[in-house]
Structure formats: C-alpha cells, structure tokens
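First up is the structure itself, then whatever we jot down about it.
The values are calculated or read from the model by the stated rules, or taken from the named source; none is laboratory data. Computed from a predicted model, the values in this text were never measured in an experiment. Backbone-built Cβ (ideal geometry, glycine too); neighbour counts: all protein chains shown.
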Amino acid sequence: MQADGVIDIYALGGAMAANLYIDSFPTIDFDFFVSVSGASPALDPLRPRINYLEPLGYKPKGVEFEIEGELVQFIPFPDKLSEDAANNARILEIDDVTFRAFAPEYVVAVMLKTGRLKDFARAKMFVDQGTVDMDTLQELIERFELKEQWQKLIQF
C-alpha cells in the first residue's frame, strides 16, 4: 500500500505492537496507524483503502479488513502522539517480513493516553519487565502531557 501511494507513513501499534516487546496477551487484530495519501472523503475515510484492497480480494468487515485470515485496521493518526510514534517507528523483521512498529516507549505513552484499565495493566507490564527506556518514556510523558496518567500507572 505504501509503495502504491495509498498510505504514506505507517507503523504497527496497539496490542499487537505491545506483544512484540512484552509477554504476549490475546488480541484480535493488527492496528496499523497510517498517514493517508491524498484526500479521503470525510464521511467515508476508509474509501481509498477499500478501493485498493477489494480488487485484491480483501473486503472490509466494519472498520477492519480480513487479510490472509487476520483482522487488520488502518487508523489515520488520531493525534500528534501517534504520528510521532509512527515517524519514530522501529524497523523490525519477523519471518522475512519487514515492517514498522511503534517503539516500546511510544506503545506505553499511547496506552497512558488511552487510559483504559487494560492499557494501564499492559503499560505496567512494560515497566515491570524493564522493556522501556525510562529516560525516553519520561521525555514522552513530558512532551505529550501525560504526567497525570503516569501517576495513575505508578499507583496501579
């Protein structure tokens, strides 16, 4: 999709990205955060991805696509934090597939911002397992105004 100009920058985020760095837990889909190339209709933001993927045999299921038996979601950057996470993504390779994924510090910062109970539990796993660079995480907490959420996490 990137090579064909449907998306610009992308990175795997969400729970599947978290599973790259900490003890895994169940999740149902891959969340790819994307910078969308060109204009997308405001009332149909998935249209460019639908137009690209349907001829390849991948049809939408709600906001996700089933691709090779896996649910995949393409999420336009919802905020500056996700955009920064994608711009600073790690390049990883698994089974000869190279892809971009949020670095662990960004995964935690996004979890803090999302603020759901399961996100705090997962973020705590990152800290407890020593998976994040604490200086980098503290810089993200400062830059993206996540101090209140961080205080909740350390009391969790």
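Look at region 133-152: where a residue is under 19 Å from A121 (Cβ atoms) and a partner is at pLDDT 95 or above and among the basic types (K, R), sitting 6+ places away or on another chain with Cβ atoms under 7 Å, you get I141/K147; L146/K113; Q149/K113. Checked against the criterion of being buried (at least 20 other Cβ atoms within 10 Å of the Cβ) and in contact with a strand residue (DSSP E or B) (Cβ under 6 Å, 6 or more places away or on another chain), region 111-122 has no qualifying residue. Any residue in region 145-152 that is part of a helix (DSSP H, G or I) and at pLDDT below 95? Yes, some residue in region 145-152 is part of a helix (DSSP H, G or I) and at pLDDT below 95. Pairs meeting the criteria (first residue in region 85-100 and surrounded by 13 or more Cβ atoms within 10 Å (Cβ to Cβ), second residue among the acidic types (D, E) and not in a strand (DSSP E or B), beta carbons under 8 Å, at least 6 apart or on different chains) are lacking. T27 meets the stated requirement of being in contact with a Gly (Cβ under 9 Å, 6 or more places away or on another chain), within 30 Å of F126 (Cα to Cα), among the polar types (S, T, N, Q) and surrounded by fewer than 17 Cβ atoms within 10 Å (Cβ to Cβ).
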